1. Can you go through PHE57, PHE34, PHE64 and tell me which one is surrounded by 13 or more Cβ atoms within 10 Å (Cβ to Cβ), over 27 Å from ASP103 (Cβ atoms) and among the hydrophobic types (A, V, I, L, M, F, W, C)?
2. Which condition from (1) buried (at least 16 other Cβ atoms within 10 Å of the Cβ); (2) acidic (Asp, Glu); (3) under 23 Å from ILE153 (Cβ atoms) is the one that GLU43 breaks?
3. For SER73, are the conditions met, namely being closer than 23 Å to VAL128 by Cα and surrounded by fewer than 18 Cβ atoms within 10 Å (Cβ to Cβ)?
Amino acid sequence: MSEPNYAGNIIVVLADLPEFLRKPILQKRLMEFFSMSISEKKELINNALAAGPIIPFDKFSKLFKTWLEILTSVSEEHRATMFSNYIMEIVENPQKIVLFNLDGILEVFLSLSKSQKEIISGSVKRIVGNLNESKKKILFSIVPDKARKELGI
């Protein structure tokens, strides 16, 4: 029997909260992520990737947008840590992203301000640029062309 997905449960609860509550709670949880061990980060990311597709997209999109907005306000180092951990997990286990509404996720990204999009795409571009060719090939095979174009990767 597998362990309960506590992080996933938290994500579902956060998705249901109004923004004035969701944002500070998510920000606090996000900052905790950076002090976690590598194995704790991996577990949290796996739980988040498992929980994401089960959240109704209208709620998920609000949560995802809040997450991106918060990430634009943290240091490049923290942003790189977060995105590289997610990208590596997705590259190692591409099936985890299959159930996500990738077109909808792109629309959420596109709804950010110009400066927020530039911050996010700059971080992602640097991380992807540092991947070896086989990992880039895997990533490019699962990321829609339109998303790659918008991110500049």
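Bear in mind these aren't lab numbers, they're just calculated from the coordinates by the rules spelled out. It should be emphasised that the depicted structure is a prediction, and the values quoted were computed from it without experimental measurement. No Cβ is skipped: glycine too gets one built from the backbone with ideal geometry, and neighbour counts run over all protein chains shown.
1. None of the others qualify; the one that does is PHE34.
2. Here GLU43 clears every test but (3).
3. Yes; evaluated as a whole, the condition is true for this residue.
Rundown of residues vs (1) without any contact (Cβ under 8 Å) to a residue 24 or more places away in the chain; (2) not hydroxyl-bearing (Ser, Thr, Tyr), yes/no style:
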residue	(1), (2)
LEU21	yes, yes
PRO24	yes, yes
LYS28	yes, yes
GLU32	yes, yes
SER37	yes, no
LYS42	no, yes
GLU69	no, yes
GLU76	no, yes
